[in-house]
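The values are calculated or read from the model by the stated rules, or taken from the named source; none is laboratory data. In this text, all values refer to a predicted model and were calculated from it rather than measured experimentally. Here the Cβ positions follow ideal geometry from the backbone for every residue, glycine too, while neighbour counts run over all protein chains shown. Only protein heavy atoms, including side chains, enter the accessible area calculation; ligands, DNA and RNA are left aside. Shrake-Rupley method; radii C 1.70, N 1.55, O 1.52, S 1.80 Å.
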Amino acid sequence: MPAASPTASPGCPPPASVPPPRAGGRASRTAGYLLAFLVHLLAPAFLVTGIYLVTRLTMGGILFGLVALDLAWLLRPRPAPFPASAVPLARSDAPRLYALVDRIGADLGAPRADLIALSGAVNASFRTYGWRRTHLVEIGYPLWLLLGPQERVALLAHEMAHSSNGDARHGLVIGSALHSLHELRLFASFAWRPGDGVSAFITECLHALLGIPVRGVILLQELLLYRSSQHAEYRADEMQARTAGTEAAVSLLDVLTTRAESVGRFLGSSAVAVGTANLWTALRSTVDAVPDAELERRREAARVERTRLDTTHPPTHLRVRRLLALPYTQPRVSAPPMEQIEEELQQAAESVARSLRENAQAALYR
């Protein structure tokens, strides 16, 4: 696969012209924490209100009291769950992969990974789940397949860097508040379909009305965290380049820009449900068949991209320029031989493929 060179970036000014990122505003960050605390107070407020209304023993009181109690349950403080459909890997199952993750974490000063899981996401993450806040490295196998050895080190380094780069959305206070709000948003989505009946239509309309303020609060929280999230992403890029090297960091962004789109299209197609060939072989063949002209078109689209308020990531071309301006050209953690790691992942990858196929087949009959 073509990889962007750390010494040249067509269409970008010289690295020396790249300004340093501005730190997120303290006022907006503080406001974000205050909003998160208010979200956490909603659950006990709805609980008290619901109990009061129900104990009045009136028809309206019981009705609205049950609604308040339901909202209290939906907004209750809770940790993030283990990702659905992900396949956990114990240390005994993948000792070489764990050794690589441990080396990267030690170089970054990140918390030690308690568990690694393989999933069908075109992504990767380092997060906590459960009340014990277990540190989890989730590796999306479709993305992992596209990457070279050092790019895989860069991917892991970038995600693990988010544990110590000041990104508030990964913290306990704001992260759990956003999780509760997103759960409430899912509950309040309009899910009526023809044939569900009039009463279901009315119920779903009420859910949709409830979802309006929920979406408003989520948008407000995202806006408050926007500047600090942008800065945190640049900081994660810098830590990634120091650990994995500038070339691998830039090459990873090139893969995400040019090839991840093809992976998403393939996984969303009916070929996943009805195909009989090995899913991962078919995926690689599909991505490798993308013409060079289309890959270059996607690079050009990334270069002219502008900052948007609906994303936490800065435009890719600005991230590349920042990376090229950094002095971390040589990796501090080099990739080990990947053949043995691939053998460790083979059984879990087959489980992920089966899960993707089952989900795609179920979607055909909905």
| Any chance region 183-190 includes a residue that's on the phi < 0 side of the Ramachandran plot, open to solvent by 10 Å² or more (accessible area, probe 1.4 Å) and assigned to a loop (DSSP other than H, G, I, E, B)? | yes
| request: Identify all residues within region 240-266 that are closer than 14 Å to T286 by Cα and either of a type outside the set (F, W, Y) or open to solvent by less than 10 Å² (accessible area, probe 1.4 Å) (or both); write none if there are none. | output: T258, R259, A260, E261, S262, V263, G264, R265
| query | Which condition number does A106 fail, the rest of (1) outside any loop (DSSP other than H, G, I, E, B); (2) of a type in the set (G, A, S); (3) in contact (Cβ under 8 Å) with a residue 24 or more places away in the chain; (4) closer than 18 Å to D237 by Cα being met? | reply | (3)
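Of all residues in region 38-85 being touching a strand residue (DSSP E or B) at 6+ places or on another chain (Cβ under 7 Å) and not aromatic (F, W, Y), which is least open to solvent (accessible area, probe 1.4 Å)? Talk me through it step by step, then tell me what you get.
Initial filter on region 38-85 (touching a strand residue (DSSP E or B) at 6+ places or on another chain (Cβ under 7 Å)): 79-83, 85.
So of that shortlist, the ones also not aromatic (F, W, Y) come out as 79-81, 83, 85.
Working: P79: 37, A80: 36, P81: 77, P83: 17, S85: 67 Å².
The residue in question is P83.
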| note | Scanning region 86-102 residue by residue, those buried (at least 16 other Cβ atoms within 10 Å of the Cβ) and assigned to a loop (DSSP other than H, G, I, E, B) turn out to be A86, A94
| task | Given the conditions (1) within 19 Å of S28 (Cα to Cα); (2) crowded, with 20+ Cβ neighbours inside 10 Å; (3) among the acidic types (D, E), report the number of the one that D237 does not fulfil. | result | (1)
| query | Within region 317-341, how many residues turn out to be surrounded by 14 or more Cβ atoms within 10 Å (Cβ to Cβ), assigned to a helix (DSSP H, G or I) and out of contact with any Gly (no Cβ under 8 Å at 6 or more places or on another chain)? | reply | 9
